[in-house]
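The block underneath contains the structure these notes are about, expressed in structure tokens.
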Amino acid sequence: MDYVLQAPSYGWKDPEGRLIIPTVHQLLKEFWFRLNIFRTKKNWLSFFSWVRVLLLIPCLVIFFLHYFNFYLLGIAFIYSMIVMGTHGTIWYHRYCTHHAYTFRNKFWRFITRNLTINMIPEEIYVISHHVHHAKPDQPGDPYNAGAGFLYCFLADVNHQTISSHLTAEEYARVVRMMGHTGIKPNTYTQYKKWGSVAGPVWSLGGWILNWAFWGAVFYLIGGFALAFALFGAAGFWAIGVRTFNYEGHGKGKDKRREGVDFNRGDLSINQLWPGYVAGEWHNNHHLFPSSARSGFLSYQLDLAWYYIKLLKTLGAVSSYHDSKKIFLLQYQEPYFKNKKVAQAIKESG
């Protein structure tokens, strides 16, 4: 976890071990340097990740200029915030990264992977997220909120790509981290050429087929108006999700609340909006990363968990981890017990 990611030119920490906070100029310079596919073909994954976003911005503009109405805006809002957000938690977060549940077969894995418009390469998300959990809010955390908003927003390019200098044994370990996701991995020789686990032909082919399928579905349901609205909404989500870890870790400040954020090992917090629209109760998740449910308290709606539970009922998911009982036993019950004792002492004078 110390060197699986490609270190930025400004580095993770200074000689004293303190987090390096780069300037805006350094961040933007690194961003363009790592997007430049003419400098090296190893930048292809980050480049095409942002190409997807840039291709959908015109869709949003066309929707507002030619097809706008409040009904479609409402549908786009639900698709962007709830459908895309919840799918991100179901697929990228709980399955691809933490393997919190297991599909019964490849068919249901394929269906879940393609439930929405494809926007983020799994490789960029998964490996860096393992590092995030190994080094939360520490130097080396690829989206350390303490380094500022832009540090997190540009992290998928600046900090989240895997190192291009891994040994064959180290690369094999990275491949194993991705093995259950269904991605066809490069050989070590291909990795040395492309700098990635995923190969460009497999990745780009899957992306094009996914977009073609959903474009056809949306057009058949609601014509160009619906297609532009929802593809534009997907682009909006892809930009917005890049802000999450900055907000989800208190913008680098300790915003944890007693009785709400029980994990004290990092600055992650439970937020109502990401929790309700995407099942992302982030402080709970950092307590139990491999749990298929992170909405542990009574008011913490978890739509991602409901989908996983539904698939289990249908037989599409063979097993899952659910840490709610142990959370209540180890954290909530002792908290309320200690609170009652403190209140009794206070009342007794």
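The values are calculated or read from the model by the stated rules, or taken from the named source; none is laboratory data. From a predicted model like this one, the values you see are computed outputs, not experimental measurements. Positions of Cβ are backbone-derived with ideal geometry, glycine not excepted, and every protein chain shown enters the neighbour counts.
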Test: residue in the range 197-218 that is closer than 22 Å to V277 by Cβ, in a helix (DSSP H, G or I) and not polar (S, T, N, Q): yes
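Considering only the range 62-92, state which residues are aliphatic (A, V, I, L, M) and closer than 27 Å to Y125 by Cβ.
As a first pass, look at the range 62-92 and keep what is aliphatic (A, V, I, L, M): 62, 65, 72-73, 75-76, 78, 81-84, 90.
I75, A76, I78, M81, I82, V83, M84, I90, listed by residue number.
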Cross-chain or 6+ apart pairs with Cβ under 6 Å, the range 48-72 first and under 23 Å from V157 (Cα atoms), then of a type in the set (F, W, Y): L56/F231
Condition check for W91: buried (at least 22 other Cβ atoms within 10 Å of the Cβ), under 17 Å from V317 (Cα atoms) and at pLDDT 95 or above: yes
Flag if Y143 is closer than 27 Å to T40 by Cβ, touching a His at 6+ places or on another chain (Cβ under 7 Å), surrounded by 15 or more Cβ atoms within 10 Å (Cβ to Cβ) and hydroxyl-bearing (S, T, Y): yes
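Quick one: which of Y331, Y276, Y306, Y299 is of a type outside the set (D, E) and in a loop (DSSP other than H, G, I, E, B)? Walk me through how you get there before you give the answer.
Working: Y331 fails: in a loop (DSSP other than H, G, I, E, B); Y276 fails: in a loop (DSSP other than H, G, I, E, B); Y306 fails: in a loop (DSSP other than H, G, I, E, B).
None of the other options fit; the residue is Y299.
Might you let me know whether the range 313-324 holds any residue that is among the hydroxyl-bearing types (S, T, Y), assigned to a loop (DSSP other than H, G, I, E, B) and crowded, with 17+ Cβ neighbours inside 10 Å? Give the steps one after another, and end with the answer.
To start, the set of residues in the range 313-324 that are among the hydroxyl-bearing types (S, T, Y) comprises 313, 318-320, 323.
Checking which are assigned to a loop (DSSP other than H, G, I, E, B) leaves us with 323.
Now narrow it down to the ones that are crowded, with 17+ Cβ neighbours inside 10 Å: 323.
The answer is yes, given that some residue of the range 313-324 is among the hydroxyl-bearing types (S, T, Y), assigned to a loop (DSSP other than H, G, I, E, B) and crowded, with 17+ Cβ neighbours inside 10 Å.
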Of the criteria (1) more than 22 Å from F336 (Cβ to Cβ); (2) assigned to a loop (DSSP other than H, G, I, E, B); (3) under 16 Å from the mean Cα position of the chain (by Cα), which one D254 fails: (3)
Matching option when the condition is free of Cβ contacts under 8 Å to residues at least 40 places away in the same chain and closer than 28 Å to Y71 by Cβ, among L272, L297: L272
Unique residue being out of contact with any helix residue (DSSP H, G or I) (no Cβ under 8 Å at 6 or more places or on another chain) and at positive phi when the list is G205, G223: G223
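Just to confirm my filter: which helices (runs of 4 or more DSSP H) fall fully inside the range 102-161 and include at least 1 residues that are over 22 Å from V197 (Cα atoms) and either touching a residue at least 60 places away in the same chain (Cβ under 8 Å) or under 13 Å from the mean Cα position of the chain (by Cα) (or both)? Give the steps one after another, and end with the answer.
Working: elements: 106-113, 122-134, 149-153, 155-158.
Correct list: 106-113, 149-153.
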Whichever residue in the range 199-253 is among the polar types (S, T, N, Q) and farther than 19 Å from C152 by Cβ and, among such residues, is surrounded by the fewest Cβ atoms within 10 Å (Cβ to Cβ): N210
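Under the condition of being farther than 15 Å from S298 by Cα and touching a residue at least 24 places away in the same chain (Cβ under 8 Å), which residue from the range 327-340 is nearest to the chain's Cα centre (by Cα)?
At the first step, the residues of the range 327-340 found to be farther than 15 Å from S298 by Cα are 330, 334-335, 337-340.
Next cut, touching a residue at least 24 places away in the same chain (Cβ under 8 Å) only: 335, 339.
Values: Y335: 30, K339: 35 Å.
Result: Y335.
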Number of the condition not met by P8 [criteria: (1) outside any helix (DSSP H, G or I); (2) surrounded by fewer than 21 Cβ atoms within 10 Å (Cβ to Cβ); (3) modelled with pLDDT of 95 or more]: (2)
Residue match in the range 33-46 (condition: outside any helix (DSSP H, G or I), more than 25 Å from W202 (Cα to Cα), of a type outside the set (V, I, T) and over 22 Å from the mean Cα position of the chain (by Cα)): no
Pairs with Cβ under 6 Å, 6+ apart, first in the range 204-226 and in contact (Cβ under 8 Å) with a residue 12 or more places away in the chain, second surrounded by fewer than 18 Cβ atoms within 10 Å (Cβ to Cβ) and not in a helix (DSSP H, G or I): N210/N114
Which numbered condition L19 misses (of (1) surrounded by 15 or more Cβ atoms within 10 Å (Cβ to Cβ); (2) more than 16 Å from P142 (Cβ to Cβ); (3) in contact with a Gly (Cβ under 8 Å, 6 or more places away or on another chain)): (2)
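Looking at the structure I just gave you, is D266 touching a Pro at 6+ places or on another chain (Cβ under 6 Å), acidic (D, E) and either more than 28 Å from I120 (Cα to Cα) or part of a loop (DSSP other than H, G, I, E, B) (or both)?
Yes; evaluated as a whole, the condition is true for this residue.
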Matching residues, the range 165-196, being of a type in the set (G, A, S) and either under 30 Å from E247 (Cα atoms) or buried (at least 20 other Cβ atoms within 10 Å of the Cβ) (or both): G195, S196
